[in-house]
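The values are calculated or read from the model by the stated rules, or taken from the named source; none is laboratory data. Computed from a predicted structure; not experimentally measured. Every residue, glycine among them, receives a Cβ derived from its backbone with ideal geometry; neighbour counts consider all protein chains shown.
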Amino acid sequence: MENKKKVYRWAKIIIVCYCIIGSALYYLQDKILFHPKPISADNSYHFDQPFIETAISLDAETKINIVQFTVPDSLRKGVVLYFHGNKENVNHYAQFASGFTRNHYEVWMPDYPGYGKSTGVLSEQGLYDEALQLYKLARTKYSPSQIIIYGKSLGTGIAAQLASVRDCRKLILETPYYSFTSLARIVCWMYPVDLLLHYKFSTHDHLQKVTAPVTIFHGTADGVIPYWNAARLKNVLKTGDEFITIDGGSHNDLNSFPLMQKKLDSLLQH
């Protein structure tokens, strides 16, 4: 009888802990997934290359701030729409703009709601809507053949979705994931993640609808998005698309590898 009571007591503890952790995953997932660094709207950016700022208002509460790194009109080939990762703001990702501007492409980097000077509430559909509005802004100046869509980490799902509904010259993904659901299953295998997650970011579904050439970069030592998870995307790539493996590359250092720099330059020069 005493043993039954102990088993019953431990079963209750396990069930309660399971429910508490599951509730935390459901209600706190935005804090787990997103790590924004807001900036006051009256603050000024300071970068070591020419830029201008603009903004898109999606509704009364949502304003998307965009930093546009420019190149001279006589040299400009087109524009890279750059969707960044899940932390900080454009200040952190501005360091990567020179890889594109030296190849004569402008770089437009929007901040997501709550990041930098952007305002509004985060949602998956909202991020897709923001990306579409950025594309429409780019189309007032460029043809689809001059637009490159680029995603890094979190931004890869957004970039892939945009390229699935709008034409572009190329889609380039750096450290992508198969889907957010597949990542969640790695650590939350005991939960019904399909029901818990507010964000799916089904990159694999979007890629099957992309008609533009696709290039993917991923490192074998990525401790955030496992290489094997990204490698699953090979199954949905079409003929001519590329999956480039960076041996020893981790999640945040791929740009320091000559292979990526050489390949990126090649993609932008053709």
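Side notes on the structure shown:
- Candidate set from region 249-266 (those that are surrounded by fewer than 18 Cβ atoms within 10 Å (Cβ to Cβ) and small (Gly, Ala, Ser)); member that is nearest to Ser202 (Cα to Cα): Ser250
- Condition check for Ala184: at pLDDT below 85, in the same structural domain as Thr156 (by TED's automatic domain parsing) and either among the small types (Gly, Ala, Ser) or over 16 Å from Ser250 (Cβ atoms) (or both): yes
- If the condition is being over 14 Å from Gly155 (Cβ atoms) and crowded, with 18+ Cβ neighbours inside 10 Å, then region 120-134 contributes only Gly120.
- With respect to the conditions (1) outside the structural domain of Glu88 (by TED's automatic domain parsing); (2) at pLDDT 60 or above, Thr54 falls short on a single one, namely (1).
- The residues of region 233-248 that are of a type outside the set (A, V, I, L, M) and either touching a Ser or Thr at 6+ places or on another chain (Cβ under 7 Å) or surrounded by 17 or more Cβ atoms within 10 Å (Cβ to Cβ) (or both), listed by number, are Asp241, Glu242, Thr245, Asp247, Gly248.
- Flag for Gln161 being more than 20 Å from Asn86 (Cα to Cα) and either not assigned by TED's automatic domain parsing to the domain that holds Pro110 or not hydroxyl-bearing (Ser, Thr, Tyr) (or both): no
- Qualifying residue in region 79-96 (condition: part of a loop (DSSP other than H, G, I, E, B) and free of Cβ contacts under 8 Å to residues at least 40 places away in the same chain): no
- Qualifying residue in region 97-116 (condition: among the hydrophobic types (A, V, I, L, M, F, W, C), crowded, with 17+ Cβ neighbours inside 10 Å and in a helix (DSSP H, G or I)): yes
Quick grid of which residues meet (1) small (Gly, Ala, Ser); (2) within 30 Å of His104 (Cα to Cα); (3) touching a residue at least 40 places away in the same chain (Cβ under 8 Å):
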site: Ser143; (1), (2), (3): yes, yes, no
site: Gln146; (1), (2), (3): no, yes, yes
site: Lys152; (1), (2), (3): no, yes, yes
site: Ala159; (1), (2), (3): yes, yes, yes
site: Leu162; (1), (2), (3): no, yes, yes
site: Ile172; (1), (2), (3): no, yes, yes
site: Thr175; (1), (2), (3): no, yes, yes
site: Leu183; (1), (2), (3): no, no, yes
site: Leu207; (1), (2), (3): no, yes, yes
